[in-house]
Every structure is written in C-alpha cells, then in structure tokens.
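The block underneath contains the structure these notes are about, expressed in structure tokens.
The values are calculated or read from the model by the stated rules, or taken from the named source; none is laboratory data. Everything numeric in this text was worked out from a predicted model, so none of it was measured. All Cβ positions, even for glycine, are placed from backbone atoms using ideal geometry, and neighbour counts span all protein chains on display.
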Amino acid sequence: MARGEFETIAALFKPLTRGNPAALGLRDDAARLRISARDELVVTADALVSGVHFLDRDPPGDIARKSLRTNLSDLAAKGAKPIGYFLSIARPRAWTDRRMTAFARGLSADGAEFGVPLLGGDSTSTPGPLTIAITALGTMRRGTMVLRSGARPGDDIWVSGSIGDGALGLLVATGKLRDIAVRHRAALLARYRVPEPKGRLGRALVGVAHAAMDISDGLVADLGHICTTSGVGANVEIDAVPFSVAAKLAIERHPELRKVAITGGDDYELLFAAPPSARAKVLKAARACGTSVARIGQFHAGASKVTVGDRQGGVLRLAHTGFTHF
Ligand code: ADP
Ligand code: MG
C-alpha cells in the first residue's frame with residue numbers, strides 16, 4: 001500500500017531539509033527564515049488542483065481567490081503579515097483567454113483586499129487538470145511566530161468563526177443538500193469557494209496563543225497535528241463547536257453531517273491553544289478583529305490523540321478524522 005501523505009513527507013522529504021531549523025521539520029504551516037536582526041521571513045506554499053480543491057466549473061475568479069486565500073490562511077495562522085506571492089499555473093487547453101481574464105480579475109480583487117502584490121511565478125500548459133501553486137511570503141518580528149508545537153497541557157482549545165461550512169459547501173457544490181433553503185445553500189457554497197483567511201486575528205494572537213494552525217483538512221485531523229507536534233492530547237466538546245446557521249440547519253435535517261462538519265476540509269478557520277489565564281485577552285483580540293472565537297475543549301498531558309465527547313459524557317466514534325490525499 002502507498003504511504004500516507006504525512007508519512008511520505010516525513011520519510012522522503014524531511015531528510016532533504018538537512019536539519020535546517022527554518023523548515024521546522026516540515027511539520028508546521030510555513031517555514032521561517034531570519035532576514036535581519038529584527039525580522040523573519042515566513043514562507044508557505046499551497047497547490048490547488050481542479051477536482052481536488054475546487055471544481056472545474058467553479059467561477060474562475062473564485063478559484064483564483066481560493067488559491068491565494070489558502071496561502072494567506074497559512075500566514076495568518078503563524079501571525080505573519082503578508083508581503084507578496086508567486087503564482088505558478090499549469091493551464092489546460094480548455095482554459096480559454098476568457099476564463100483566464102476572469103481568473104486574473106479574481107486575483108486582482110483579492111490582491112487589493114489583502115494588500116498583497118504578485119511578485120512572479122511560472123506558466124505552463126498541461127494535458128491534465130488546472131493546477132495552481134502559490135507561494136506566499138510574510139514577515140514578522142523574529143522569534144514571535146506562533147508554531148504548531150507550543151500547546152501545553154491545560155491550554156484551552158479555541159477555534160475562530162464556524163466549523164464545517166466548507167465541507168458542507170462541497171456537498172452543495174456536488175448537488176446535495178437540496179432540502180435546505182437556497183440562501184443557506186448559497187452561504188455554504190460561498191464558504192467552500194472563497195474562504196476567509198483570519199489574518200488580523202492571527203496577528204493579534206501573537207504573544208497570546210501558545211500554538212496555532214489553520215484548519216484545512218478538518219478540525220479533528222488538524223487538531224491531531226497540533227497534538228503530535230506539541231506532544232499533548234486533546235478533548236473536544238462537540239456541543240461547544242461553533243456551527244453557522246446554515247450548518248445547524250443541515251445537521252438538524254441530517255444528523256450524520258455533524259461528523260462531516262468536524263472532519264471535513266476547507267474551513268480555513270484558526271485553531272489555537274492558549275492558557276486559561278489568557279481567556280480575556282483572546283476574547284478582546286477577537287472582538288477587536290471582528291471575528292468570533294469559541295473555546296471547544298482542552299489539551300491534556302495524555303497520548304497525542306484527539307477525543308470528541310458530547311454533553312452526555314459519550315465519546316464520538318469517527319471512522320476518519322479528516323481529508324487525506326493518499
Ligand atoms: P498546510 O495544510 O498548512 O498547507 P500541510 O499539512 O499540507 O500544510 O503540510 C504539512 C507540512 O508538510 C508543511 O510544513 C509543508 O511545508 C510540508 N510539505 C508538504 N508537502 C511537501 C513537499 N512536497 N515538500 C516539502 N514539504 C512539504
Ligand atoms: Mg496550514
């Protein structure tokens with residue numbers, strides 16, 4: 001059987017870092033490089049493939065925006081300020097000039113919204129699906145990056161925004177969830193197509209959060225990544241996980257979707273650890289950024305595992321914890 005995504009990275013790619021500390025063992029959202037006595041460069045790369053991260057018939061402008069935003073989300077999780085990005089694109093013949101124009105317009109709108117310039121890239125043709133690879137650069141004060149590895153036993157587990165809209169939006173995109181109102185379907189679809197990177201919150205959490213990452217593969221799986229890199233366990237209370245109005249309605253209709261919501265990908269919310277003594281600071285930071293946050297559980301000193309419990313004291317059985325490519 002083929003190795004899993006993370007086994008491949010650990011077994012085949014990690015040795016290529018040659019132990020360089022900038023790579024953070026290939027176990028974080030980004031790399032960090034010292035650029036001056038004061039500042040660090042934070043670098044992240046994300047590739048998006050048609051049929052995997054978006055659907056070929058999605059609006060080209062939305063595909064472009066999602067590609068940039070997933071990268072900005074990684075910078076957000078580290079607390080870095082974005083300074084620019086590189087775009088590599090493998091374009092199939094079916095991607096006409098018209099679609100490319102709409103693609104560029106989407107990128108332009110987001111470049112303006114987030115204040116990030118395009119700095120370079122590469123363009124090729126491909127016999128395969130549209131593939132977009134973006135590398136985003138950010139800066140921050142040296143030694144302040146919020147790593148995945150800093151969670152401590154007793155820390156609260158926090159998430160921003162609402163969980164599961166992206167995964168439920170993908171169901172909408174593939175013609176499902178027809179039994180919920182059109183406006184709720186539209187809200188979920190929008191979350192799947194154009195995520196909202198939490199840059200301001202991420203920067204406000206520098207010096208407050210012990211650890212952070214963005215949720216791209218699913219809440220439970222990504223929390224598992226914080227657990228393994230931090231050497232802690234985590235208990236999540238499912239009843240404390242924030243769901244949007246649309247997600248709540250979908251879950252009411254189809255209770256099995258609750259598990260989909262906490263294990264599905266494409267949230268691009270922040271998941272972070274902070275000590276109970278910092279609760280007021282976290283809430284203040286969130287309020288100042290206009291982002292909601294919710295405390296969904298606690299880290300503990302046990303094995304690096306995630307358990308999800310409910311109000312009745314039961315433990316949810318999860319067949320899988322998140323999206324994996326292999
Ligand atoms: P994210 O979801 O935050 O983009 P991933 O979970 O996909 O990050 O990747 C985890 C870590 O593995 C990151 O540090 C990333 O840089 C690294 N990684 C993934 N694929 C590769 C690769 N092909 N070469 C080097 N590093 C990789
Ligand atoms: Mg990430």
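Odds and ends about this structure:
- Checked across segment 209-220, the condition of being touching a helix residue (DSSP H, G or I) at 6+ places or on another chain (Cβ under 6 Å), away from ligand 1 (no atom under 16 Å from the Cβ) and not in a loop (DSSP other than H, G, I, E, B) holds for no residue.
One line per residue, one yes/no per condition, for (1) within 9 Å of ligand 1 (Cβ to nearest atom); (2) over 24 Å from GLY218 (Cβ atoms); (3) among the β-branched types (Val, Ile, Thr):
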residue	(1), (2), (3)
GLU7	no, no, no
LYS14	yes, no, no
ASN20	no, yes, no
ARG38	no, yes, no
LEU48	no, no, no
HIS53	no, no, no
PRO60	no, yes, no
TYR85	no, yes, no
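- Within segment 240-271, restricting attention to residues that are among the hydroxyl-bearing types (Ser, Thr, Tyr) and out of contact with any His (no Cβ under 7 Å at 6 or more places or on another chain), the residue that is nearest to SER162 (Cα to Cα) is SER244.
- When we screen LEU205, LEU189 for residues that are in the same structural domain as GLU256 (by TED's automatic domain parsing), within 16 Å of ligand 2 (Cβ to nearest atom) and crowded, with 21+ Cβ neighbours inside 10 Å, the only hit is LEU205.
- Residue pairs whose Cβ atoms lie under 8 Å apart, sitting 6 or more positions apart in sequence or on different chains, and linking a residue in segment 293-312 that is assigned by TED's automatic domain parsing to the domain that holds THR229 to a partner that is among the aromatic types (Phe, Trp, Tyr) and surrounded by 13 or more Cβ atoms within 10 Å (Cβ to Cβ), are VAL293/TRP158; ALA294/TRP158; ARG295/TRP158; ILE296/TRP158.
- Any chance GLY79 is touching a residue at least 40 places away in the same chain (Cβ under 8 Å), of a type in the set (Gly, Ala, Ser) and more than 14 Å from ligand 2 (Cβ to nearest atom): no
- On the stretch given as segment 184-198, residues that are of a type in the set (Asp, Glu) and farther than 12 Å from ASP267 by Cβ total 0.
- Entry remark, segment 14-30: residues being within 12 Å of ligand 2 (Cβ to nearest atom) and among the small types (Gly, Ala, Ser) number 1 in total.
- Qualifying residue in segment 229-249 (condition: in contact (Cβ under 8 Å) with a residue 40 or more places away in the chain, within 16 Å of ligand 1 (Cβ to nearest atom) and either hydroxyl-bearing (Ser, Thr, Tyr) or in contact with a helix residue (DSSP H, G or I) (Cβ under 6 Å, 6 or more places away or on another chain) (or both)): yes
- Restricting ARG178, ARG183, ARG203 to those that are part of a helix (DSSP H, G or I) and either at pLDDT below 95 or under 29 Å from LEU249 (Cβ atoms) (or both) reduces the list to ARG183.
- Tally of residues being within 16 Å of ligand 2 (Cβ to nearest atom) and among the acidic types (Asp, Glu) across segment 31-61: 1
- Within segment 1-49, being aliphatic (A, V, I, L, M), modelled with pLDDT under 95 and farther than 29 Å from PRO92 by Cα holds for one residue alone: MET1.
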